[in-house]
Amino acid sequence: DRYNNLAAVCKDATRVFIIESHIVNDLEEARVVFQNYVAQELEGIILKNMNAPWENKRSNNQVKFKVEIESDLVVVGMYEGTGKYKGMMGGITCESADGKVITNVGSGFNDEDRAYFWKNKKDLIGTVVEIKHNGLILSKEKDAIHSVFLPIFKFIRDDKNATQADTLETMNG
């Protein structure tokens, strides 16, 4: 009823639209819907209890389905930030050991990291870092076939060198 009421209210709206909704009867049906969304390079789904009341906060009646993959990549470059991060590192450019995956990573750094690494680029370029992301996507860069969706810096892998970073094959599972 709540969904139908919302659809009725928004039917003539030009800036608000109702997203797709699927009714599932069990966890396996939810997984199929999730996998279809991921195949379309979408982030995931939220499984909701249809009988739960609406809450203006995180709810135990909703579960997020989201792909999260950890990969080890080599830092090959760094770029300056903009706005608040002008004069600091905006992010890093990383690639796989085989050069078939290239991605920019601008999330996961605190302000102190950004300032330090911008002044000390040599401490990060050439190192292996672990990133978390939501899967491989086709790259918009000319030099690589693939990139990653929503990359987030986790930490430096002092225990690995560039030849031990992941490759497209190991990232593809």
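The values are calculated or read from the model by the stated rules, or taken from the named source; none is laboratory data. Because the structure is a prediction, the values reported are computed rather than measured. Every residue, glycine as well, gets a Cβ built from its backbone with ideal geometry; the counts of neighbours run over all protein chains shown. The accessibility values were calculated without ligands, DNA or RNA, using every heavy atom of the protein model including side chains. Shrake-Rupley method; radii C 1.70, N 1.55, O 1.52, S 1.80 Å.
Mind checking which residues of segment 10-60 are part of a loop (DSSP other than H, G, I, E, B) and within 19 Å of the chain's Cα centre (by Cα)?
From segment 10-60, those part of a loop (DSSP other than H, G, I, E, B) are 11-26, 40-43, 49-60; that's our starting set.
Selection gives GLN40, GLU41, LEU42, GLU43.
When GLU112, GLU169 are checked against the criterion of being loosely packed, with under 15 Cβ neighbours inside 10 Å, acidic (Asp, Glu) and closer than 21 Å to GLN35 by Cα, a single residue qualifies: GLU169.
Does LYS132 fit the bill of being within 30 Å of ASN36 (Cβ to Cβ), of a type in the set (D, E, K, R) and without any contact (Cβ under 8 Å) to a residue 12 or more places away in the chain? No; evaluated as a whole, the condition is false for this residue. Determine if segment 83-101 includes at least one residue that is within 30 Å of VAL24 (Cα to Cα) and touching a residue at least 60 places away in the same chain (Cβ under 8 Å). No: zero hits. Take the residues in segment 86-101 that are closer than 18 Å to LEU124 by Cα and not in a loop (DSSP other than H, G, I, E, B); name whichever of them is most open to solvent (accessible area, probe 1.4 Å). Looking at the filtered set, the residue picked out is GLU95.
Test ILE145 against the criterion of being surrounded by fewer than 16 Cβ atoms within 10 Å (Cβ to Cβ) and either in contact with a Ser or Thr (Cβ under 9 Å, 6 or more places away or on another chain) or aliphatic (A, V, I, L, M) (or both), and give yes or no. Let's see the steps before the verdict.
Values: surrounded by fewer than 16 Cβ atoms within 10 Å (Cβ to Cβ): yes; either in contact with a Ser or Thr (Cβ under 9 Å, 6 or more places away or on another chain) or aliphatic (A, V, I, L, M) (or both): yes.
Criteria met by ILE145.
Sub-6 Å Cβ pairs linking a first residue in segment 147-159 that is under 16 Å from GLU68 (Cα atoms) and among the aliphatic types (A, V, I, L, M) to a second residue that is modelled with pLDDT under 90 and open to solvent by less than 40 Å² (accessible area, probe 1.4 Å), at least 6 apart or interchain, are LEU150/ASN134, ordered by first then second residue. Determine if segment 149-160 includes at least one residue that is assigned to a loop (DSSP other than H, G, I, E, B), at pLDDT 95 or above and of a type in the set (A, V, I, L, M, F, W, C). Looking through segment 149-160, none of the residues is assigned to a loop (DSSP other than H, G, I, E, B), at pLDDT 95 or above and of a type in the set (A, V, I, L, M, F, W, C).
Against the condition surrounded by 16 or more Cβ atoms within 10 Å (Cβ to Cβ), over 13 Å from GLU70 (Cβ atoms) and out of contact with any Lys or Arg (no Cβ under 6 Å at 6 or more places or on another chain), how does SER107 come out, does it pass?
Numbers: surrounded by 16 or more Cβ atoms within 10 Å (Cβ to Cβ): no; over 13 Å from GLU70 (Cβ atoms): yes; out of contact with any Lys or Arg (no Cβ under 6 Å at 6 or more places or on another chain): yes.
Considered against the rule, which asks whether it is surrounded by 16 or more Cβ atoms within 10 Å (Cβ to Cβ), over 13 Å from GLU70 (Cβ atoms) and out of contact with any Lys or Arg (no Cβ under 6 Å at 6 or more places or on another chain), SER107 comes out as no.
Within segment 52-88, the residues that satisfy the criterion of being closer than 26 Å to THR167 by Cβ, of a type outside the set (D, E, K, R) and modelled with pLDDT of 95 or more are SER71, LEU73, VAL74, VAL75, VAL76, GLY77, MET78, TYR79.
Would you mind stating whether LEU150 is among the aliphatic types (A, V, I, L, M), open to solvent by 30 Å² or more (accessible area, probe 1.4 Å) and at positive phi?
Details: among the aliphatic types (A, V, I, L, M): yes; open to solvent by 30 Å² or more (accessible area, probe 1.4 Å): yes; at positive phi: yes.
Yes.
Taking residues in segment 39-64 that are under 21 Å from ILE137 (Cα atoms), and partners anywhere that are charged (D, E, K, R), the pairs with Cβ atoms closer than 9 Å and at least 6 places apart or on different chains are GLU43/LYS66; GLY44/LYS64; GLY44/LYS66; ILE45/LYS64; ILE45/LYS66.
What are the residue pairs meeting all of these: first residue in segment 1-18, first residue under 20 Å from ASN51 (Cβ atoms), second residue assigned to a loop (DSSP other than H, G, I, E, B) and among the aromatic types (Phe, Trp, Tyr), Cβ atoms under 9 Å, and 6 or more apart or on different chains? Pairs that qualify, where the first residue is under 20 Å from ASN51 (Cβ atoms) and the partner is assigned to a loop (DSSP other than H, G, I, E, B) and among the aromatic types (Phe, Trp, Tyr), are ARG2/TRP54.
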